[in-house]
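Working notes for the structure below.
The values are calculated or read from the model by the stated rules, or taken from the named source; none is laboratory data. The model shown is predicted, which means the values in this text are computed figures rather than measured ones. Reconstructed Cβ throughout: ideal geometry from the backbone, glycine too, with neighbour counts over all protein chains shown.
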Amino acid sequence: MVSLLKYFTMTSIDKKENEIRQMIEGWAAAVRSGDIDAVLAHHSDDVVMYDVPPPFQSVGIDAYRKTWDLFFANAKPGVFDIQELTVVAGDQVAFCYATMKCGDKSGGGDYVDLYFRLTVGLRKTNNRWTILHEHHSVPSE
């Protein structure tokens, strides 16, 4: 009986983690394709994001949307790749972290590979995962 209960608990956890994994992978695919509506689809209206280029902090979906203008102006089209993704999910809250890669030309000239870290905080509302917090960072040298 205990092993059966453990199976159902693990299946529930795996289901939550897979839902979030698919959402984050869909978000990355939307970035690669330049589909801003799909990029924003799972973010809360009061999302808070900390980013590498200014603005350092963006609060609200409109401010978050504006950050993508800068990104798309300086990023190599089609390159926004999840290298490794870890998801931890409870019943109502979850977070994930990833290493990512994009192509960047913000320094002028040719595109260079930019490796960065991503952390996302989520809450389940009305049976739907919503991104409340997003954080991008690069390693210091």
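Some observations on this one:
- Residue count, region 55-68 (criterion: part of a helix (DSSP H, G or I), loosely packed, with under 13 Cβ neighbours inside 10 Å and among the β-branched types (Val, Ile, Thr)): 0
- Of all residues assigned to region 122-138, none qualifies as being of a type in the set (Phe, Trp, Tyr), free of Cβ contacts under 8 Å to residues at least 24 places away in the same chain and either under 16 Å from Gly26 (Cα atoms) or touching a helix residue (DSSP H, G or I) at 6+ places or on another chain (Cβ under 6 Å) (or both).
- Annotation note: of Phe80, Phe95, Phe71, the sole residue that is in a helix (DSSP H, G or I) and either under 16 Å from the mean Cα position of the chain (by Cα) or aliphatic (A, V, I, L, M) (or both) is Phe71.
- The set of residues from region 97-120 being in contact with a Phe, Trp or Tyr (Cβ under 8 Å, 6 or more places away or on another chain) and surrounded by fewer than 17 Cβ atoms within 10 Å (Cβ to Cβ) comprises Thr99, Lys101, Lys105, Arg117, Thr119.
- Scan of region 95-141 for residues that are basic (Lys, Arg), at pLDDT 95 or above and more than 19 Å from Asn18 (Cβ to Cβ), ordered by number: Lys101, Arg117
- Val87 being at pLDDT 95 or above and over 22 Å from Val138 (Cα atoms): no
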